[in-house]
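The values are calculated or read from the model by the stated rules, or taken from the named source; none is laboratory data. Predicted, not measured: the structure shown is a model, and the values here were computed from it. In this analysis, Cβ positions are derived from the backbone assuming ideal geometry, glycine residues included, and neighbour counts consider all displayed protein chains.
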């Protein structure tokens, strides 16, 4: 399988490197991480694993116009707010037989992707894999967890089975699911609490549980979003959702959320596709979401 990774930062490089190690022909593309791409091209990608092992993987990498037409799969690993620009650049050259895969955080960027391809060729998913870019050519495999993929339209077939098998062979625990929209909103519930609160208070994920006042705010944000998530198939009770959010926060207690990393770097965040998605859905359904709206405004002011 020939795979193009668009937006090869930490997570994109992790997936690309592991898939290349499993036998795929992979090209990393990132025009904004030139030092990283140059390092991979010169000396390969280093993936530092838990336990001290380091994987050294040779694969193609470019910061220039990539080889798009030959790709069987285009993996989008850009930030949600970068989706429209990325698709405008690459979509005209994507083969009609290729798949486009998005494991991006949030909800709403799907419409930008579907402007250019039919839903039958669009794979949407979630992943609990974690990665940190340590420096040019160096990635830490920071967290291991399941990846779940679904077709935006259509049932699994031989091609999707091949991709799932490749991911599992690469050490990326992966399964195909039929209800990907529900999983997207379940993950959105977690991200809509942990990401903005850690970004605003400059704290690691564990603070959501360890700080009693933040914990109270977290519960209120989750309660506000839950009625909207139920419109997308999330059937969990309020205690179940809160328990899941706190379980993730505890499991990743020392982690710095991607939103906080963006705020610290002075870069735009994905708030419009996380809490902003909650606000938009609330307006569509005439359900007030003042806490989520407040988080959107506060985070946006921090990263502007």
*Quick one: how many residues across the stretch 58-72 are surrounded by 20 or more Cβ atoms within 10 Å (Cβ to Cβ) and either in a strand (DSSP E or B) or modelled with pLDDT under 95 (or both)?*
2
*Scanning for something buried (at least 20 other Cβ atoms within 10 Å of the Cβ), touching a strand residue (DSSP E or B) at 6+ places or on another chain (Cβ under 6 Å) and touching a residue at least 24 places away in the same chain (Cβ under 8 Å), does the stretch 192-211 turn up at least one residue?*
no
_Looking at the stretch 14-37 only, could you name the residues that are in contact with a strand residue (DSSP E or B) (Cβ under 9 Å, 6 or more places away or on another chain), part of a helix (DSSP H, G or I) and within 13 Å of residue 62 (Cβ to Cβ)?_
16, 36, 37
_Single match in 107, 100, 40 (criterion: assigned to a strand (DSSP E or B) and over 19 Å from residue 143 (Cα atoms))_ = 100
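Please work out which residue is farthest from residue 128 (Cα to Cα), limiting yourself to the stretch 248-277 and to residues that are in a loop (DSSP other than H, G, I, E, B) and free of Cβ contacts under 8 Å to residues at least 60 places away in the same chain.
Taking the stretch 248-277 and keeping what is in a loop (DSSP other than H, G, I, E, B), we get 252-257, 266-270, 274.
Checking the rest, the ones that are also free of Cβ contacts under 8 Å to residues at least 60 places away in the same chain come to 253-254, 256, 266-267.
Details: 253: 14, 254: 16, 256: 15, 266: 25, 267: 23 Å.
Of everything passing the filter in the stretch 248-277, 266 is farthest from residue 128 (Cα to Cα).
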